[in-house]
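Asks: Dropping the structure in here first, questions after.
The values are calculated or read from the model by the stated rules, or taken from the named source; none is laboratory data. Please read these numbers as outputs of a predicted model, since none were measured by experiment. Cβ placement follows ideal geometry from the backbone for every residue including glycine, while neighbour counts extend to all protein chains displayed. SASA here: full protein model, heavy atoms, side chains in, ligands and nucleic acids out. Shrake-Rupley method; radii C 1.70, N 1.55, O 1.52, S 1.80 Å.
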Amino acid sequence: MSLIHTLKVDLGDRSYPIYIGDKLLAQASLLGKHIKGHSALIVSNTAVAPLYLASVQQSLDAHNIRHDSLILDDGEQYKTIASVERIIDTLLQRRHDRQTTLVALGGGVVGDIAGFAASIYQRGVHYVQIPTTLLSQVDSSVGGKTGVNHALGKNMIGAFYQPQCVIADTSTLDTLPARELSAGLAEVIKYGLIRHAEFFEWLELNIQKLIDRNQEALCEAIRVSCVCKAEVVAIDEREAGIRAILNLGHTFGHAIESTMGYGNWLHGEAVAAGMVMAADLSERHQWVDKKVKQRTIALLEQSSLPIKSPSEMTPDQYMNAMAIDKKTVEGKIKLVLLKNLGEAFVTADYNPELLEQTLKYC
Ligand code: NAD
Ligand code: GLY
């Protein structure tokens, strides 16, 4: 049997495990033991279901859990209230009661939608995350942020709602398109930049192995990323403070995603360009050494990620979109910036002229 890393998100009576390893979907007991009632609804999408739905269904059968499946359309443009309604409709039509469990099988889009549906169905039912993209294995499945987009802003409707467990089967990454693997690497690199300089250095040495999908290297990158995320979430579950550092590059990135049209720039791609902008603005303030931005760009480039924002976006478009960011308070846009490699901070106290230069030249 393959090695499983088990981590814990430590949140008192809402604590839960993250399992990371190869071929975990074949281990029926992992899922079975986290389903408390006798029914489940698997939520997946048209790309993932043909690959992995049968395996999840077999695990539920092995534990005599009655199950239904709902297959959503694939794509960020379906991360909407309408998809949440489809889940609720199915739960009611198939008579799922408050003991049911939702099983989110897919990337961050499926996980965010299904988690939010779980948070509101009959005022909250259990759910399990089975993330199948690198991005969702290192980030979105952990920490309980759930929700959907609004035409005017990314992730504007949602809830903090923790899952029962996260099962990250690294062998599902074998079928992931290369562009999606790269998008996930953006969030992996983020952890090095915000909290873990040594991990950043490890990434500089091992990036090619990750691109080549070396299982051992992927497992290690996912493990360290999840350790970083679990630590931050345990300190600040509802983002009253430090959790905001997990959004390095995201204020710029969300502006790119919503302005360019959801799904055109992948979330990880927008975050990559956004992290370069955050490093650039930090450098313009002389808060970080030049080398930090250079090293960030080099690692993102090696990961085939964008290092420049869309040329057609104007500073005004950025400012309009960033004004809707969830970190904005009383009109003041807060940004996550860098003090050092491995050290991020949140501030509204930056020079607006330098921000304008970053928006113009990055
Ligand atoms: P995604 O869910 O759209 O998945 C990317 C693509 O890969 C999709 O086409 C999907 O169907 C396909 N796919 C998934 N697994 C596959 C597999 N194993 N083999 C083949 N194809 C597969 O995108 P994502 O990058 O996983 O997630 C992005 C979303 O996550 C965004 O909506 C973002 O806002 C959200 N997010 C949420 C959090 C959070 O804390 N909740 C954190 C980061 C990102
Ligand atoms: N991805 C940001 C967070 O979970 O807080």
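Asks: Out of all the residues in the range 263-281, which are within 17 Å of L246 (Cβ to Cβ) and either assigned to a loop (DSSP other than H, G, I, E, B) or open to solvent by less than 10 Å² (accessible area, probe 1.4 Å) (or both)?
Replies: Residues satisfying the conditions are G268, A270, V271, A272, G274, M275, M277, A278, A279.
Asks: Which of (1) farther than 25 Å from L152 by Cα; (2) within 16 Å of ligand 2 (Cβ to nearest atom); (3) among the β-branched types (V, I, T) is the odd one out, the single condition V271 does not satisfy?
Replies: Only one criterion is unmet by V271, namely (1).
Asks: Condition first: over 13 Å from G147 (Cα atoms), within 16 Å of ligand 2 (Cβ to nearest atom) and open to solvent by 20 Å² or more (accessible area, probe 1.4 Å). Can you find one or more residues in the range 122-131 that meet it?
Replies: Scanning the range 122-131, I find no residue that is over 13 Å from G147 (Cα atoms), within 16 Å of ligand 2 (Cβ to nearest atom) and open to solvent by 20 Å² or more (accessible area, probe 1.4 Å), so the answer is no.
Asks: What number of residues within the range 76-104 satisfy the criterion of being outside any loop (DSSP other than H, G, I, E, B), farther than 25 Å from L152 by Cα and touching a helix residue (DSSP H, G or I) at 6+ places or on another chain (Cβ under 7 Å)?
Replies: Total satisfying the criteria: 4.
Asks: Please find, among E231, E237, E204, the residue that is outside any helix (DSSP H, G or I) and either touching a residue at least 24 places away in the same chain (Cβ under 8 Å) or more than 11 Å from ligand 1 (Cβ to nearest atom) (or both).
Replies: Sole residue among the options that is outside any helix (DSSP H, G or I) and either touching a residue at least 24 places away in the same chain (Cβ under 8 Å) or more than 11 Å from ligand 1 (Cβ to nearest atom) (or both): E237.
Asks: Looking only at the range 250-262, count every residue that is open to solvent by 40 Å² or more (accessible area, probe 1.4 Å) and touching a strand residue (DSSP E or B) at 6+ places or on another chain (Cβ under 7 Å) and tell me the total.
Replies: 1
Asks: Does the range 138-154 include one or more residues that are charged (D, E, K, R) and over 19 Å from L248 (Cα atoms)?
Replies: no
Asks: What are the residue pairs meeting all of these: first residue in the range 156-183, first residue β-branched (V, I, T), second residue assigned to a loop (DSSP other than H, G, I, E, B) and open to solvent by less than 20 Å² (accessible area, probe 1.4 Å), Cβ atoms under 7 Å, and 6 or more apart or on different chains?
Replies: Partner pairs satisfying both residue conditions: V166/S141; V166/V142; T172/T132.
Asks: Can you name every residue in the range 58-75 that is away from ligand 1 (no atom under 16 Å from the Cβ), of a type outside the set (A, V, I, L, M, F, W, C) and surrounded by fewer than 19 Cβ atoms within 10 Å (Cβ to Cβ)?
Replies: Q58, D61, H63, N64, R66, D68
Asks: Can you confirm whether E239 is in contact with a Pro (Cβ under 7 Å, 6 or more places away or on another chain) and open to solvent by 10 Å² or more (accessible area, probe 1.4 Å)?
Replies: no
Asks: Next question, about the same structure. E187 - would you say it is open to solvent by less than 10 Å² (accessible area, probe 1.4 Å) and part of a helix (DSSP H, G or I)?
Replies: Spelling it out, E187 is indeed open to solvent by less than 10 Å² (accessible area, probe 1.4 Å) and part of a helix (DSSP H, G or I).
Asks: Ok, one more. Looking at the range 282-323 only, could you name the residues that are part of a loop (DSSP other than H, G, I, E, B), of a type in the set (S, T, Y) and over 21 Å from the mean Cα position of the chain (by Cα)?
Replies: Listed by number, the residues that qualify are S311, T314.
Asks: Which of the following residues is open to solvent by 10 Å² or more (accessible area, probe 1.4 Å), more than 24 Å from L72 (Cα to Cα), free of Cβ contacts under 8 Å to residues at least 24 places away in the same chain and charged (D, E, K, R): E198, E220?
Replies: It is E220.
Asks: Same structure, new question: Checking the conditions here, which among V48, V9 is touching a Pro at 6+ places or on another chain (Cβ under 9 Å) and farther than 16 Å from V125 by Cα?
Replies: Step by step, each of V48, V9 is checked, and only V9 is touching a Pro at 6+ places or on another chain (Cβ under 9 Å) and farther than 16 Å from V125 by Cα.
Asks: Search the range 305-316 for residues that are surrounded by 11 or more Cβ atoms within 10 Å (Cβ to Cβ) and pair each with any residue that is part of a loop (DSSP other than H, G, I, E, B) when their beta-carbon atoms are under 6 Å apart and the residues are at least 6 apart or on different chains.
Replies: Every condition considered, the pairs that remain are S309/C362.
Asks: Look at T259 and say whether it is away from ligand 2 (no atom under 16 Å from the Cβ), of a type in the set (S, T, Y) and assigned to a helix (DSSP H, G or I).
Replies: Against the criterion (away from ligand 2 (no atom under 16 Å from the Cβ), of a type in the set (S, T, Y) and assigned to a helix (DSSP H, G or I)), T259 qualifies.
Asks: Same structure, new question: Taking the range 208-226 on its own, how many of its residues are out of contact with any strand residue (DSSP E or B) (no Cβ under 6 Å at 6 or more places or on another chain) and of a type in the set (V, I, T)?
Replies: The total comes to 2.
Asks: If you take the residues of the range 155-184 that are open to solvent by 10 Å² or more (accessible area, probe 1.4 Å) and within 15 Å of ligand 2 (Cβ to nearest atom), which of them is nearest to E301 (Cα to Cα)?
Replies: N155
Asks: Right, something else. Pairs under 7 Å by beta carbon, first residue part of a helix (DSSP H, G or I) in the range 341-354, partner at pLDDT 95 or above and among the hydrophobic types (A, V, I, L, M, F, W, C), six or more apart or different chains?
Replies: L354/L281
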